[in-house]
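Just below is one structure, and these are the notes that go with it.
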Amino acid sequence: MDLVLVGLPGSGKSAVGRRLAGRHNATFVDLDELIEQQVGKPVPAIFAEEGEAGFRRHELEAVRSLGPADTHPELRRVIATGGGTVIDPRNRWLLYRGRFPVWLDGAPEVLAGRLNRSANVRPLVSGRDAVPTLRRLAADRRRFYAPALQISGAANVEATLRTLEGRLGDGPSPEATVLRADTAIGHVEIGYGMAASAVGSALTRGEARRAILLAEPRTWDVAGAGIAAALEAEGWQVERILLPRGERAKRMRVIEDTCRALARLHVDRRETLVAIGGGALTDAAGFAAATYLRGVAVVHVPTTLVGQIDAALGGKTAVDIPEGKNLVGAFHQPAAFIADVSFNATLPARQRRAALGEVVKMAVLGDERLLALVEQEGVAFARGDSRPIETGAVAEMVERCVWAKVEVVTADAREANVRMTLNLGHTIGHGIEAAAGYKAILHGEAVAYGLRGAFAIARALGITTAERAERVNSLLDRLGLAVAPPVVSLDSVGQHMATDKKHALGRLSWVLPTEIGVVIRSDVPPEAVAQGLAAALRIAEAGVR
Ligand SMILES: NC(=O)c1ccc[n+]([C@@H]2O[C@H](COP(=O)([O-])OP(=O)(O)OC[C@H]3O[C@@H](n4cnc5c(N)ncnc54)[C@H](O)[C@@H]3O)[C@@H](O)[C@H]2O)c1
């Protein structure tokens, strides 16, 4: 097996790694030394000549050059990473999957003392006051180190080695967690094949006495049954409640049935529900959790890409009534959000494609790496190819969207407009969705139409470039999103937008793309709106209907 050491500068990765490898007759790989060999320059020279971005490129190459994980049960290779190696989701996917990651943790004061005594130059820490710098790095990077086995507080190399050797039997696992964080909107975990163990840990944290799983028939088959079996094997008593599939779960009658099932199971206030399914299931089960006994804890395990990047995160729950979709709901933050990207493998093509409409929106908000990622991998994923799931591309998409949402929702307490930026593409998108009666068009598909409209408006107002609009529109073309005119009339879309405007007290605020992000404008003239609608509805192609 390969053991991977991660942690801040000064945590002893090289010293511990070298001694551990020596004692077990394993090969020691120091990633910084490997980079120096491959580039032919010392690390400080790479930083000086190519900047941090240049160094990170070489670092990714070095991680890739490690090749596949060693599957031999004995310790064969010890890899000491640089302090910042695991910031890049690609490195984490390669280093954590099939390998045994270990986090050497320590107090910033202790690490700073070691760094001051060391002859090595650390480009990101040298020349500054090390303790505050290390404290800031620790806060920024904790979520990247936290999936690894944590060894903290060891007094010296020998003590660390003894603890580590006692845990070698844990070994690598077939599952991988690439991000773990406690956030203002709940505990967040992202990974591959880790849903059952993450649910078990969440239940243990919540001091649950049993596992109450809520799913729908399809998500029970593709995810729930496996989670239940794994929990039972761990000794959990498992209860199961099935809701109807898809949007039919989001009805008041279903909430009543669900709450009655909970009451028959004598579920009390201290228990935790586990919602396993797409956005419809987590919306409905989340609403039941918000209201049963005036609120019980819920763990969300989204099984669709829409759920993993959006619906199950942020605490909004809702059901539909005949008068409108999502009209009844509550805010109820999940105790934990567990995104296991392996569930996307069985997702129908249309669901995959529609979800990418939301991912493109998140990228246009200002994540250039996400935009490039969808450009490279989106078409294959939409087609049903499982490679982007296996290579970590989907995990990176999920992580980027999730973390952007965590930051937006956290910032929102101070800055009301920030959360609103998430509505990019939604003004026209909602109009189209509503005009189609929320049936013929999926939400992500509607957002894609709305994105085309928002770009047309931004062009008309001169706030984005033709190149930027062309780049995003051609990506939507290649993904097969918002390509054909939607089956709705311009009039009815306009009417639904007018209703939204009334709800917004007459001021429709538009989130519009610039060249690198978005701006909010409430002064968009009617001619520009007309151009946006024409572009969204593909009216030039279809003729006015
Ligand atoms: N609360 C929020 O903030 C929020 C945000 C966005 C969307 N939503 C809501 O989410 C819902 C849409 O979510 P969705 O797109 O996940 O739809 P969904 O939950 O209806 O699931 C779509 C279909 O995929 C199936 N499915 C789910 N997981 C699967 C898997 N792993 N493999 C195979 N099939 C699977 C389901 O059975 C269903 O037929 C809407 O009701 C929307 O209002 C809520």
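Based on what the data block shows, is Ala263 assigned to a strand (DSSP E or B) and either farther than 30 Å from Arg400 by Cβ or small (Gly, Ala, Ser) (or both)? Spelling it out, it is not the case that Ala263 is assigned to a strand (DSSP E or B) and either farther than 30 Å from Arg400 by Cβ or small (Gly, Ala, Ser) (or both).
Being farther than 29 Å from Asp491 by Cα, more than 12 Å from the ligand (Cβ to nearest atom) and in contact with a strand residue (DSSP E or B) (Cβ under 6 Å, 6 or more places away or on another chain) narrows it down to one residue among Val406, Val379, Val402; which is it? Before you say what the answer is, go through the steps one by one.
Details: Val379 fails: in contact with a strand residue (DSSP E or B) (Cβ under 6 Å, 6 or more places away or on another chain); Val402 fails: in contact with a strand residue (DSSP E or B) (Cβ under 6 Å, 6 or more places away or on another chain).
Among Val406, Val379, Val402, only Val406 is farther than 29 Å from Asp491 by Cα, more than 12 Å from the ligand (Cβ to nearest atom) and in contact with a strand residue (DSSP E or B) (Cβ under 6 Å, 6 or more places away or on another chain).
Of all residues assigned to the stretch 417-425, none qualifies as being over 20 Å from the mean Cα position of the chain (by Cα), aliphatic (A, V, I, L, M) and in a helix (DSSP H, G or I). For the stretch 212-239, the set of residues classified as touching a residue at least 60 places away in the same chain (Cβ under 8 Å) and farther than 23 Å from Arg270 by Cβ consists of Glu216, Thr219, Val222, Ala223, listed by residue number. Of the residues screened, Ala448 is one that is assigned to a helix (DSSP H, G or I), crowded, with 21+ Cβ neighbours inside 10 Å and touching a residue at least 40 places away in the same chain (Cβ under 8 Å).
Of the residues Leu422, Leu370, Leu327, only one is over 30 Å from Tyr292 (Cβ atoms) and not small (Gly, Ala, Ser); which?
Details: Leu422 fails: over 30 Å from Tyr292 (Cβ atoms); Leu327 fails: over 30 Å from Tyr292 (Cβ atoms).
Leu370 is the lone residue from the list that is over 30 Å from Tyr292 (Cβ atoms) and not small (Gly, Ala, Ser).
A count restricted to the stretch 375-389 and to residues that are part of a helix (DSSP H, G or I) and either touching a Gly at 6+ places or on another chain (Cβ under 8 Å) or under 19 Å from Val306 (Cβ atoms) (or both) stands at 9.
Taking the conditions exactly as written (in contact with a Phe, Trp or Tyr (Cβ under 6 Å, 6 or more places away or on another chain) and modelled with pLDDT of 95 or more), does Thr282 satisfy them or not? First the steps, then the outcome.
Numbers: in contact with a Phe, Trp or Tyr (Cβ under 6 Å, 6 or more places away or on another chain): no; modelled with pLDDT of 95 or more: yes.
No; evaluated as a whole, the condition is false for this residue.
Taking the criterion of being of a type in the set (S, T, N, Q) and under 17 Å from Arg97 (Cα atoms), would at least one residue in the stretch 167-181 satisfy it? The answer is yes, given that some residue of the stretch 167-181 is of a type in the set (S, T, N, Q) and under 17 Å from Arg97 (Cα atoms).
Quick one: count up the residues across the stretch 232-249 that are assigned to a helix (DSSP H, G or I) and within 16 Å of the ligand (Cβ to nearest atom). The total comes to 4. Name the residue, out of Arg253, Arg270, that is more than 11 Å from the ligand (Cβ to nearest atom), free of Cβ contacts under 8 Å to residues at least 40 places away in the same chain and not acidic (Asp, Glu). On inspection, the qualifying residue turns out to be Arg253.
Just checking, does the stretch 89-104 include any residue being assigned to a helix (DSSP H, G or I), surrounded by 13 or more Cβ atoms within 10 Å (Cβ to Cβ) and charged (D, E, K, R)? Checked the stretch 89-104: at least one residue is assigned to a helix (DSSP H, G or I), surrounded by 13 or more Cβ atoms within 10 Å (Cβ to Cβ) and charged (D, E, K, R).
What tally of residues in the stretch 311-352 results from selecting those that are of a type in the set (Lys, Arg) and within 17 Å of the chain's Cα centre (by Cα)? Don't jump to the end; show me each part of the working.
So in the stretch 311-352, the residues of a type in the set (Lys, Arg) come out as 316, 325, 350, 352.
Filter again for within 17 Å of the chain's Cα centre (by Cα), leaving 316, 352.
Total meeting the criteria: 2.
Among the listed residues Leu66, Leu115, identify the single one that is at pLDDT below 95 and either touching a Gly at 6+ places or on another chain (Cβ under 6 Å) or farther than 28 Å from Ala159 by Cα (or both). Before the answer, list the steps.
Values: Leu66 fails: at pLDDT below 95.
The match here is Leu115.
Among residues that are more than 20 Å from Ala330 (Cβ to Cβ) and among the acidic types (Asp, Glu), Glu239 is included.
The values are calculated or read from the model by the stated rules, or taken from the named source; none is laboratory data. Computed from a predicted model, the values in this text were never measured in an experiment. So basically every Cβ, Gly included, is an ideal-geometry build from the backbone, and we count neighbours across all protein chains shown.
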